[in-house]
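First up is the structure itself, then whatever we jot down about it.
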Amino acid sequence: MNINVLSLFPPMFEGVFQQSIMKKAQEKNAVTLNVVDIREFANNKRQVDDYPFGGGAGMVLKPEPIFNAVESLTTAKKPRVILMCPQGERFTQQKAEELAGEEELVFICGHYEGYDERIREHLVTDEISIGDFVLTGGELAAMTIIDSVVRLLPGVLGNADSPVRDSFSTGLLEHPQYTRPADFRGWKVPAVLTSGNHAKVDQWREAQMLKRTLERRPDLIEQIELTAEQKKIIDELKKQKR
């Protein structure tokens, strides 16, 4: 995958892109990460913003630098151009999985009061928000999305099964995890996990995923199609709460 990021502050990405999974993904040639300075594509002395027509507070990002920057990128086909915006679609694991199937992504990170509307209308393919709050700029949001996408690319994670059981990938929250020692300060690991019975372990994990989701994110339960066995487990869990 090739990922291009348009930003007014490219140095913000240096640490993130050179650490942990992001660094390993580049070393494995699973992804190319390129950060473009929007100011380099301004027509007028690196000016990237201007006052809004009609008046109002703040400054608005001009269309020319954004269009020039995106159009300068060499692509085999039209890429997904993603606008980081609090008005956009709420980002989810399902969206991450969708984007992970693309060959090329372009992220536009804004600042100031907003974007010239023509950028939305004639350039971008997606508008994405990472939550119902406002950040100073789109850089942190873009880093979050890029990280969640890159880790899904084939060969990036050491264990191919790791992303399969991640929270939200199955529609449920992930089950509890334990490691050595089996007894820490008197708090013991559930016996089923040390039993060696893989079928029982799978059953326990399934039940725990349902239990944790029911307790912490009951809204997710309503969004997935439960099997007969899962419905039975949910009914038992609800009885235990009464």
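Things worth noting here:
- The stretch 21-156 - Debye-derived log10 I(q)/I(0), Cα point model, q = 0.20, 0.21, 0.22 Å⁻¹: -1.28, -1.38, -1.47
- Surface share of carbon and sulfur [accessible, 1.4 angstrom probe, percent] for the stretch 36-82: 52
- For the set LYS200, LYS62, solvent exposure ranked by accessible area (probe 1.4 Å, protein chains only) runs largest to smallest as LYS200, LYS62.
- Each peptide in 93-106, 8-21 was scored by the mean count of other Cβ atoms within 10 Å over its residues; highest first, the order is 93-106, 8-21.
- Solvent-accessible surface of the chain, averaged per residue with a 1.4 angstrom probe and all protein chains in place: 59 square angstrom.
- For VAL35, the residues whose modelled amide H falls within less than 5 Å of its own, excluding neighbours fewer than 5 places apart on the same chain, are VAL5.
- A quarter of the convex hull surface defined by the alpha-carbon atoms of the stretch 14-66 gives 5.6 nm² as the mean projection.
- Which listed pairs, of LYS24/LYS45; LYS23/LYS95; LYS24/LYS95, have C-alpha distances above 32 Å, in listed order: LYS24/LYS45
- Reciprocal mean inverse distance between Cα atoms of the stretch 76-205 - Kirkwood radius, Å: 17.7
- DSSP bridge pairs, the chain: antiparallel proportion in percent, nearest 5: 15
- For the stretch 49-125, alpha-carbon Rg and Dmax in angstrom: 13.9, 42
- Modelled FRET efficiency - R0 25 Å, THR194 with LYS28, Cβ distances, 0.05 increments: 0.15
- GNM flexibility winner over the chain from GLU229, GLU117, GLU71 (Cα, springs under 10 Å): GLU229
- Rounded to whole numbers, the Karplus 3J(HN,Hα) couplings from phi for the stretch 211-217 are 4, 5, 5, 4, 6, 9, 9 Hz, using 6.51 cos²θ - 1.76 cosθ + 1.60 with θ = phi - 60°, and x at Gly and Pro.
- Reported value for the chain: 193 Å³ per residue, from the convex hull of its C-alpha atoms.
- 21 Å Cα-Cα threshold exceeded, pairs from LYS211/LYS231; LYS211/LYS241; LYS188/LYS241; LYS188/LYS232: LYS188/LYS241; LYS188/LYS232
- Mean ellipticity per residue at 222 nm, deg cm²/dmol - from DSSP H runs of n ≥ 4 across the chain, formula -39500 (n - 2.57): -10000 deg cm²/dmol
- When a 1.4 Å probe is rolled over the protein heavy atoms, the share of accessible surface on the stretch 175-242 that falls to carbon and sulfur comes to 48 percent.
- Placing a pseudo-label 7 Å from each Cα along the Cα-to-Cβ vector at ARG80 and TYR178 gives an inter-label distance of 3.9 nm.
The values are calculated or read from the model by the stated rules, or taken from the named source; none is laboratory data. Keep in mind that what you see is a predicted model, and the values were worked out from it rather than measured. Cβ coordinates were reconstructed from backbone atoms using ideal geometry, including for glycine residues, and neighbour counts include every protein chain displayed. Please note that ligands, DNA and RNA were not included when accessible areas were found on the heavy atoms of the full protein model with its side chains. Shrake-Rupley method; radii C 1.70, N 1.55, O 1.52, S 1.80 Å.
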